[in-house]
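Beneath this line is the structure, given in structure tokens, with notes to follow.
Please treat every number below as a calculation from the coordinates, not as lab data. All of these numbers come straight from a predicted model, not from anything done at the bench. Counting neighbours? That spans all protein chains shown, and the Cβs are built from the backbone with ideal geometry, glycine included.
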């Protein structure tokens, strides 16, 4: 995501220009809705209402149909995302090795619940069902970095530093 | 370079395999080892080998299995297998093993007597394993098609295209006894034959890589570590079914590396003329496209997955018509799991008799498990069907880390909990069904006495409840009702009649749900009720969690000796559980949610926390 994350209420014309290269490839193809939404989100980081309207227009679907599909899947976001994303694995192995406690502590320290983004857009906290590194359980992923139990100290330090800033 | 005939492929294979003399170091970069620093180890090897100017090939590999002890490094020519390698160890490995041919004992596995064991096959974790689906995982470089061809890859496809009729292929798969590896175990050949018999055209082929079980990662490991096996298996299937111009591989959203390796593999296969138009010059054509999932567990269900590919909400539909009659875009469609397709080439190459000779009468071949939880050796294991749970847990898993193993949870949210007393049951499709569990995804979580079976059943139920698509009432409302009851029980507010209610709801949900998600969702609760009823009773009657996991409300009480009647606890309590009477303050366990705020504000330490409470 090279471009800045658009704020709410972004101007539709600007967005239309920015998304045109993506939209033009899917125009009139209702079957390509999911990859199209994935690409739009890849560009913007989330799916603002204006973008969903543009998608509806391009595919010939109604806005309700587009939102109906998008809201079904957990990987589409209707709120701006934080610059950093902390994901707590709550898969079975992590669960029995203490993931709920870690999540609770993160929620407390960050002041946001799972699935929420801090108001200053600095960080998003979410849970994920198994990342496939059960041997390292419990794991937390910060952006793309997987932190095993031993590395969690770094995470707490990072959060503390962030609070001072 | 494009291969224009099966003969050209065989020639390339022979040329590459004869060149295999060059020493090779494989650094595991599967998910587990990558997180443990596998890529840094790989970089250190490249640096060190470059510095010494050695003629050694260093490659990354897919999952080698023993994630617990990663990053893993295999020096193949010398047959030395190193565990928990740190980048700082690399210069010593290069010096000892690659330059002087000596093992470095401190990084080797040590058996019970402390004797170092140099090679993989002699380590107990690997000794009882039989790698069929994972045959190439960790043994080849997944980003190089030539490495796959070198070990015999695409030879099965060439054999099929140069001399077998589609019917013969189906017959071979049938004789092998291959059953779907996605969990339900439907005979693969029967599915293919049913689709072949359909008149409607075109037909479609789908590989289900939407692995959603929270505790299973074998499909991911195959896609990341051996993507060509899946592509080859799909191409053979497309030939056998006939009139299949296109196939899709549906990959779970959380698996970006799998997508990357697949994209690369598809491109290479096309370049080599092993996929696309006129494969190996035989006139047969087949294309494969990757579809990335968008995060919905229910999309692992075949009809839901097809709707998802069509760009719709991934909600299952009623069957019949079955997918082989009317599937993707309303056309006949075959959908198989990643591991099923990965098994196909080896069945063709080594023959149906070889495959059918592994495993048991009704469940031929092998099964891959993601072994996790409270055992010494965790990781990805593949064993012949029919092995007992005890062998899996004790011989391969190495037994408990401490304490006593109480149960295993097999098959994830669709599976069930099996108590220690049934550990001698063989692991195959039918035996597991008999005891109320199912093979499911192959997740295998070992639990000891510190794990609460009620809490674990509640955990799985909360997962399926959240992932229920909401289309049919039994699943949408039923799992919610069951979850509320489970919540009540773990919170210490359960009633004895709840157990019967859970069983009744569970039975109804299983019988009346639309798809496999709902039909299997009650399994974790029903099996724990069947085998660990005493734990439920302890939660309800004694309001006590034997494992000490559930935070039951009775845990907090006020010591009248220390209480100064300040009332801060009553103010802090959001549950209204702190009562003030003429005798002093007390906590009503029926209202307390166990948050502990009362204890935090008490200036004299009068709020006590006790493990057990007498009711």
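What to note about this one:
- Burial order of peptide ranges B:80-90, B:216-226, B:503-513 (average beta-carbon count within 10 Å, highest first): B:216-226, B:80-90, B:503-513
- Over the protein assembly as shown, DSSP H runs of length four or greater, each weighted -39,500 (n - 2.57), average out per residue to a 222 nm ellipticity of -11500 deg cm²/dmol.
- Fully extended contour minus Cα-Cα distance, from residue B:76 to residue B:264, at 0.36 nm per residue: 65.2 nm
- Inter-probe distance in nm under a simple model that places probes 7 Å from Cα toward Cβ, at residue B:574 and residue B:541: 3.5 nm
- The long axis of helix B:38-52 is offset from the longest Cα principal axis of chain B by roughly 40 degrees.
- Label-point separation in nm, residue A:17 to residue A:149, each point 7 Å along Cα→Cβ: 5.5 nm
- Shielding by partners for peptide A:120-131, expressed as the average number of C-beta atoms from other protein chains within 10 Å of each residue's C-beta, is 3.
- Shape call, region B:184-292: gyration tensor on alpha carbons, a/c limit 1.5: oblate
- Mean per-residue shielding of peptide B:369-375 is 4, counting Cβ atoms of other chains within 10 Å of each Cβ.
- Put simply, when B:403-413, B:278-288 are sorted by average Cβ atoms within 10 angstrom per residue, most first, you get B:403-413, B:278-288.
- Centre-to-centre, using Cα atoms only, region B:154-201 and region A:136-165 are separated by 48 Å.
- Normalised per residue, the volume of the convex hull around the Cα set of region B:553-609 (Å³): 67 Å³
- D_trans [Stokes-Einstein, Kirkwood Rh over alpha-carbon pairs] for region B:454-541, 10 °C, 1.306 mPa s, µm² s⁻¹: 127 µm²/s
- Relative contact order, percent, region B:138-279 [alpha-carbon distance under 8 Å, six or more residues apart]: 31 percent
- Extension gain, residue B:121-residue B:54: 0.36 nm per intervening residue step, less the Cα-Cα distance, totals 21.4 nm.
- Of all DSSP beta bridges confined to region A:84-164, the antiparallel ones make up roughly 55%.
- Label point 7 Å beyond Cα of residue A:78 along Cβ direction - residues of region A:108-128 with amide nitrogen under 16 Å: A:115-117
- Restricted to Cα atoms, the protein assembly as shown shows a radius of gyration and a Dmax of 27.6, 96 angstrom.
- Bridge type composition, the protein assembly as shown - antiparallel percent by DSSP, nearest 5: 60 percent
- FRET efficiency, residue B:450 to residue B:488 (Cβ-Cβ, R0 22 Å, nearest 0.05): 0.45
- Fraction of beta bridges assigned by DSSP in chain B that are antiparallel (%, nearest 5): 60 percent
- Peptide B:209-220 is shielded by partner chain Cβ atoms: per residue, an average of 4 of them sit within 10 Å of its Cβ.
- One quarter of the surface of the convex hull around the alpha-carbon atoms of chain B equals 31.3 nm², the direction-averaged projected area.
- Span from the region A:56-126 Cα centroid across to the region B:1-65 one, whole angstrom: 38 Å
- From most to least packed by mean Cβ count within 10 Å, the peptides B:44-51, A:105-112, A:50-57 give A:50-57, B:44-51, A:105-112.
- Label-point separation in nm, residue B:503 to residue A:24, each point 7 Å along Cα→Cβ: 6.7 nm
- When you restrict to C-alpha pairs under 8 Å that are six or more residues apart and normalise by the size of region B:405-488, the relative contact order lands at 29 percent.
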